[in-house]
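Visitor: Pasting a structure below so you can have a look.
The values are calculated or read from the model by the stated rules, or taken from the named source; none is laboratory data. Worth saying up front: this structure is predicted, and the values here are computed from it rather than measured. All Cβ positions, glycine included, derive from the backbone under ideal geometry; neighbour counts span all protein chains shown. These area figures cover heavy atoms from the full protein model, side chains too; ligands, DNA and RNA do not enter into them. Shrake-Rupley method; radii C 1.70, N 1.55, O 1.52, S 1.80 Å.
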Amino acid sequence: MFDFVATLLFPKRCIRCRKSGEYICDNCFATISFLQYQLCGVCQKGSIDGLTHPKCRTKYGIDGIISSIAYKGIVKKLLYQFKYKPYLSDLKLILGKLLFEGIIQQESFENYISDKNVWITSVPLHKTRERRRGYNQSELLAKELSLSLKIPYHSVLTRDKQTKPQFELKKEERIKNILGAFSVNPKFQKKIKGKKILLVDDITTTGATIRECGKILKKGGASKVLGITLAHEG
């Protein structure tokens with residue numbers, strides 16, 4: 001009943017062309033570009049299926065980053081509405097499907113999830129920012145992916161300090177900004193040992209946030225960490 005009334009009072013319109021009916025109409029959906037290539041999450045050069053180049057690998061380094069779609073056009077508008085006012089949290093359904101459809105096309109991803117020792121988690125928000133927004137957009141995406149893949153979701157990471165938004169900073173500043181910002185949730189400190197983790201975020205640009213979270217997860221005992229993002233900006 002609530003959804004019915006909300007639809008009457010605030011009818012859905014395509015975020016790009018304003019056509020009524022859905023947040024994205026068929027014509028505008030056709031403009032979304034699924035990524036045909038992936039990059040190494042460390043050096044940002046081309047990589048097969050987004051896996052980290054052998055020469056870029058370190059003990060606590062990320063094992064790869066896979067992004068689903070290009071951060072341009074209507075995708076920018078969708079993610080803006082998802083993260084900022086009016087905070088359209090139900091966009092998680094559309095964006096979750098886009099995330100799923102993009103990553104399952106990567107052979108390395110299929111190999112990664114071939115056993116049962118896999119968990120899904122997300123890049124956490126600081127409590128202050130999450131209270132202001134009402135939700136963590138990366139967590140919503142991760143939970144949608146969890147449902148699609150039938151892989152359990154757990155809030156493995158916590159954000160211990162409030163940082164500046166990464167998009168406001170240069171590459172070097174981004175690395176310093178999130179240094180020491182994350183830790184493993186005490187509930188899972190003993191449980192993630194040997195786990196393969198799918199680490200979900202909404203957007204990647206330089207990969208600094210994903211790499212920092214991956215480092216914390218591996219230091220906490222995870223055997224592998226694969227970053228999964230909806231969009232890549234580049």
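Visitor: Which count do you get for residues in the stretch 206-226 that are open to solvent by 40 Å² or more (accessible area, probe 1.4 Å), of a type in the set (S, T, N, Q) and under 18 Å from the mean Cα position of the chain (by Cα)? Reasoning before the result, please.
Guide: Step one: of the stretch 206-226, the residues open to solvent by 40 Å² or more (accessible area, probe 1.4 Å) are 211, 215, 219, 223-224.
Filter once more, so that each one left must be of a type in the set (S, T, N, Q): 223.
Right, trim to under 18 Å from the mean Cα position of the chain (by Cα) and you get none.
The total comes to 0.
Visitor: Here is a follow-up. Go over the candidates 130, 172, 139 one by one and state the one that is surrounded by 13 or more Cβ atoms within 10 Å (Cβ to Cβ), among the acidic types (Asp, Glu) and within 21 Å of residue 233 (Cβ to Cβ).
Guide: Of 130, 172, 139, the one residue that is surrounded by 13 or more Cβ atoms within 10 Å (Cβ to Cβ), among the acidic types (Asp, Glu) and within 21 Å of residue 233 (Cβ to Cβ) is 139.
Visitor: Suppose we filter the stretch 40-57 for residues that are open to solvent by 40 Å² or more (accessible area, probe 1.4 Å) and either part of a helix (DSSP H, G or I) or closer than 18 Å to residue 198 by Cα (or both); how many remain?
Guide: So the count comes out to 6.
Visitor: Please find, within the stretch 108-127, the residue that is modelled with the lowest pLDDT out of those that are under 20 Å from residue 49 (Cα atoms) and either open to solvent by 30 Å² or more (accessible area, probe 1.4 Å) or assigned to a loop (DSSP other than H, G, I, E, B) (or both).
Guide: Of everything passing the filter in the stretch 108-127, 115 is modelled with the lowest pLDDT.
Visitor: Would you please name the residue that is farthest from residue 215 (Cα to Cα), looking only at residues in the stretch 128-139 that are in a helix (DSSP H, G or I) and touching a helix residue (DSSP H, G or I) at 6+ places or on another chain (Cβ under 9 Å)? Reasoning before the result, please.
Guide: Here is the first cut: in the stretch 128-139, the ones in a helix (DSSP H, G or I) are 128-133, 137-139.
Going one step further and asking which of them are touching a helix residue (DSSP H, G or I) at 6+ places or on another chain (Cβ under 9 Å), we end up with 130, 133, 137, 139.
Values: 130: 23, 133: 27, 137: 22, 139: 19 Å.
Checked the stretch 128-139; the qualifying residue farthest from residue 215 (Cα to Cα) is 133.
Visitor: Restricting attention to the stretch 157-165, does a residue exist that is in contact with a strand residue (DSSP E or B) (Cβ under 7 Å, 6 or more places away or on another chain), closer than 22 Å to residue 71 by Cα, touching a residue at least 60 places away in the same chain (Cβ under 8 Å) and open to solvent by less than 30 Å² (accessible area, probe 1.4 Å)?
Guide: Scanning the stretch 157-165, I find no residue that is in contact with a strand residue (DSSP E or B) (Cβ under 7 Å, 6 or more places away or on another chain), closer than 22 Å to residue 71 by Cα, touching a residue at least 60 places away in the same chain (Cβ under 8 Å) and open to solvent by less than 30 Å² (accessible area, probe 1.4 Å), so the answer is no.
Visitor: While we're looking at this one, here's another question. Looking at (1) more than 23 Å from residue 52 (Cα to Cα); (2) surrounded by fewer than 20 Cβ atoms within 10 Å (Cβ to Cβ); (3) of a type in the set (D, E, K, R), can you tell me which one residue 144 breaks?
Guide: Against the list (1) more than 23 Å from residue 52 (Cα to Cα); (2) surrounded by fewer than 20 Cβ atoms within 10 Å (Cβ to Cβ); (3) of a type in the set (D, E, K, R), residue 144 comes up short only on (2).
Visitor: For the stretch 190-200, state whether one or more residues are open to solvent by 10 Å² or more (accessible area, probe 1.4 Å) and in a helix (DSSP H, G or I). Even if it seems obvious, please write down each step before you answer.
Guide: Residues of the stretch 190-200 open to solvent by 10 Å² or more (accessible area, probe 1.4 Å): 190-191, 193-196.
Retained after the next criterion (residues that are in a helix (DSSP H, G or I)): none.
Checked against the condition, which is being open to solvent by 10 Å² or more (accessible area, probe 1.4 Å) and in a helix (DSSP H, G or I), the stretch 190-200 yields no hits at all.
Visitor: I'd like the full set of residues that are open to solvent by 60 Å² or more (accessible area, probe 1.4 Å), in a helix (DSSP H, G or I) and within 15 Å of residue 229 (Cα to Cα), limited to the stretch 70-92.
Guide: Across the stretch 70-92, the qualifying residues are 76, 92.
Visitor: When you scan the stretch 104-135, how many residues do you find that are in contact (Cβ under 8 Å) with a residue 60 or more places away in the chain and either among the charged types (D, E, K, R) or in contact with a Leu (Cβ under 8 Å, 6 or more places away or on another chain) (or both)?
Guide: First, the residues of the stretch 104-135 that are in contact (Cβ under 8 Å) with a residue 60 or more places away in the chain: 105-106, 108-109, 112-113, 115, 117-123.
Subsequent filtering for residues that are either among the charged types (D, E, K, R) or in contact with a Leu (Cβ under 8 Å, 6 or more places away or on another chain) (or both) retains 108-109, 112-113, 115, 118-123.
Selection size over the stretch 104-135: 11.
Visitor: To continue, here is another question. If you go through the stretch 150-160 one residue at a time, do you hit one that is part of a loop (DSSP other than H, G, I, E, B), among the charged types (D, E, K, R) and touching a Gly at 6+ places or on another chain (Cβ under 9 Å)? Talk me through it step by step, then tell me what you get.
Guide: Within the stretch 150-160, the first condition is being part of a loop (DSSP other than H, G, I, E, B), and the residues that meet it are 150-152, 154-156, 160.
Retained after the next criterion (residues that are among the charged types (D, E, K, R)): 150, 160.
Cutting the leftovers down to touching a Gly at 6+ places or on another chain (Cβ under 9 Å) gives us 160.
Yes, the stretch 150-160 has at least one match.
Visitor: Continuing with this model, one more query. Please work out if residue 229 is in a strand (DSSP E or B), modelled with pLDDT of 95 or more and open to solvent by 30 Å² or more (accessible area, probe 1.4 Å). Spell out how you get there, then give the answer.
Guide: On the way: in a strand (DSSP E or B): yes; modelled with pLDDT of 95 or more: yes; open to solvent by 30 Å² or more (accessible area, probe 1.4 Å): no.
Here the answer is no, as residue 229 does not meet what is asked.
Visitor: Select from the stretch 22-39 the residues that are closer than 19 Å to residue 233 by Cα and outside any loop (DSSP other than H, G, I, E, B) and write down the one among them that is least open to solvent (accessible area, probe 1.4 Å).
Guide: The extreme case among them is 38.
Visitor: Within the stretch 39-69, track down each residue that is in contact (Cβ under 8 Å) with a residue 40 or more places away in the chain, of a type in the set (Gly, Ala, Ser) and under 18 Å from residue 231 (Cβ atoms). If you could, list the steps in order and put the result at the bottom.
Guide: Step one: filter the stretch 39-69 for residues in contact (Cβ under 8 Å) with a residue 40 or more places away in the chain, giving 39, 41-42, 44, 48-51, 59-69.
Still in the running and of a type in the set (Gly, Ala, Ser): 41, 50, 61, 64, 67-68.
Correct list: 41, 50, 64, 67, 68.
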